[in-house]
1. Tell me yes or no: at least one residue of segment 113-120 is within 30 Å of Glu365 (Cα to Cα), of a type outside the set (A, V, I, L, M, F, W, C) and free of Cβ contacts under 8 Å to residues at least 40 places away in the same chain.
2. Can you tell me which of (1) among the aliphatic types (A, V, I, L, M); (2) within 26 Å of Pro224 (Cα to Cα); (3) modelled with pLDDT of 85 or more; (4) open to solvent by 40 Å² or more (accessible area, probe 1.4 Å) is the one Val341 doesn't meet?
3. Would you please list the contacts, defined by Cβ atoms under 9 Å and residues six or more apart or on different chains, that run from a residue in segment 154-180 that is within 16 Å of Gly207 (Cβ to Cβ) to a residue that is open to solvent by 60 Å² or more (accessible area, probe 1.4 Å) and in a helix (DSSP H, G or I)?
4. Can you list residue pairs whose Cβ atoms sit under 7 Å apart, with the first residue in segment 50-76 being in contact (Cβ under 8 Å) with a residue 40 or more places away in the chain and the second being among the charged types (D, E, K, R)? Count only pairs 6 or more apart in sequence or on different chains.
5. I want to confirm something. Restricting to segment 197-238 and keeping residues that are open to solvent by 50 Å² or more (accessible area, probe 1.4 Å) and of a type in the set (Lys, Arg), which single residue is nearest to Pro250 (Cα to Cα)?
6. So, of the residues in segment 215-248 that are assigned to a strand (DSSP E or B) and at pLDDT below 80, which turns out to be farthest from Asn179 (Cα to Cα)?
7. Just name the residue that is nearest to the chain's Cα centre (by Cα) out of those in segment 119-174 that are aromatic (Phe, Trp, Tyr) and within 17 Å of Tyr191 (Cα to Cα).
8. Every residue in segment 208-240 that is more than 30 Å from Val306 (Cα to Cα) and either among the hydroxyl-bearing types (Ser, Thr, Tyr) or in contact with a strand residue (DSSP E or B) (Cβ under 9 Å, 6 or more places away or on another chain) (or both), please.
Amino acid sequence: MEVFLIKLLQFILSISLLVLLHEGGHMLASKLFGVRVEKFFIFFDVSIGKWSGKLFSFKPKNSETEYGMGWLPLGGYCKIAGMIDESMDTEQMKRDPQPWEFRTKPAWQRLIIMIGGVTVNFILALFIYSMIMFHWGESYVRVADMTQGMEFNNDAKKLGFHDHDILLGTDIRAFKDFNADVYRDLSHAKYADVLRDGKRIRIALPGNINLLNMLKTKPQFVRPYIAPVVDSVLTRMPVADGSSDSITTPATTMHLQKGDRIVAVNGKRVNTYNAFTDEIALLSDKMENAKTSADSMKLRKVTLVVAKAGSDAAKTIAATNAGSDSAKTIAATGLDTLSCVLTPDLKVGFVTADVGKLYKVTHVEYGFFKSFPAGIRYGCDVLAGYVSDMQYVFTADGAKSLGGFGAIGSLFPSTWNWYMFWKMTAFLSIILAFMNILPIPALDGGHVLFLLYEIIARRKPSEKFMIRAEYIGITILILLMVVANLNDILRWIGVM
């Protein structure tokens, strides 16, 4: 419960800040051109019966703007006088136009008012990224420093990749660190360069690999190689039902210790930690089909083959090519066969060393002025990657990958971490800016589209058309919201 509340508070704080500044961008531009803002609300004040839907509101003396907060946390709005928007205030549009209204201003001024929100969000994201660079600097593991290389799935190996190849880059660019850009570049590249046994090798690529397939296939197209070696053992773990109770971990009962190497799971050879987790994931899939508690308990009983730390077997296996499935290594003397019952959520209770522990971490400090170009570059890369990924939204798999408030909230850390909070806030600010500029009626981008039409055609769309377009846009947005949040629910109950 505590973890949920921490994630929820970070999510609400982040969204509130972004909505406040987004709507503030519209308000600032409106004030600049003498357009009245009648209401400025965080969250929507949807009325219920006689209740106005306002949690609180106030109107400063000599101000035409009412400020407040609604109860429905789906965004916010800035009600601009003389404009057809989500408030659907058609009565105002029936009255004679006034000089302080949106509709009486030149098209270029109205255009600036409409892009004010997304402009603020994009500038905010770049500013936050810059301040992250200034305050925390940038830490990452260079792909070239991952001396054990990567592990590849069968699809990748058919293209010519080998386990332990060190990815260097593609015809698009050289790789810096291992992140989502590696997958994006490999999906579009004509070739990739790798370091294999000290030699630079060029591998031809088709240039049209499906990115979603690369990520969703089990195992994934490429992952950093991490040996299945115990780095630390957790003595106790919380019970999966979310209560405050804890249980002794299977790793403790089996007396696993730092340096022990997992060789096999239920007789299946595992060469990497990812291969180990894949085998556990297969058990999880079978657990979903278990009909009785006895069936579940049977699946939870697991046999591990372990090479104990410092033993001759561990040294032999570590010295051989870890990608080998040879019977010699799995049958090596000195291996222990251990049995255990996994926790109800199929955990063993040990942790392996992550990439940051295995390899040298590169840390770059930025002065105040140098942090801005670094932050801008980083923000533009994030935006470019997000825009590139949008092509998959309109596919069946892409629609399933949509996430709602639950998916977004889960991205925040389980403990309060200002670095991750600001990084997530900057990312959400970019998403908010991009999504709002899409040419969908009811979004800023829809209004921009109609304004561009007006500037080019030299005539306004009719008010009747604008009202109908607003209804269509709101319907589209509601449907998208329903699909995204339904996906969250289906993932939560294990259907998707």
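The values are calculated or read from the model by the stated rules, or taken from the named source; none is laboratory data. Not measured: the values here are computed from a predicted model. Using ideal geometry, Cβ is built from the backbone for each residue, glycine included, and neighbour counts are taken over all protein chains shown. Heavy atoms of the whole protein, side chains included, go into the accessibility calculation; ligands, DNA and RNA do not. Shrake-Rupley method; radii C 1.70, N 1.55, O 1.52, S 1.80 Å.
1. The answer is no, given that none of the residues of segment 113-120 is within 30 Å of Glu365 (Cα to Cα), of a type outside the set (A, V, I, L, M, F, W, C) and free of Cβ contacts under 8 Å to residues at least 40 places away in the same chain.
2. With (1) among the aliphatic types (A, V, I, L, M); (2) within 26 Å of Pro224 (Cα to Cα); (3) modelled with pLDDT of 85 or more; (4) open to solvent by 40 Å² or more (accessible area, probe 1.4 Å) applied to Val341, the lone miss is (2).
3. Close Cβ pairs (under 9 Å, with a partner that is open to solvent by 60 Å² or more (accessible area, probe 1.4 Å) and in a helix (DSSP H, G or I)) amount to Asp155/Asn213; Thr170/His188; Ile172/His188.
4. Pairs found: Gly76/Glu23.
5. Restricting to residues being open to solvent by 50 Å² or more (accessible area, probe 1.4 Å) and of a type in the set (Lys, Arg), the top hit is Arg236.
6. Ser246
7. Of everything passing the filter in segment 119-174, Phe152 is nearest to the chain's Cα centre (by Cα).
8. Scanning segment 208-240 gives a single hit, Met214.
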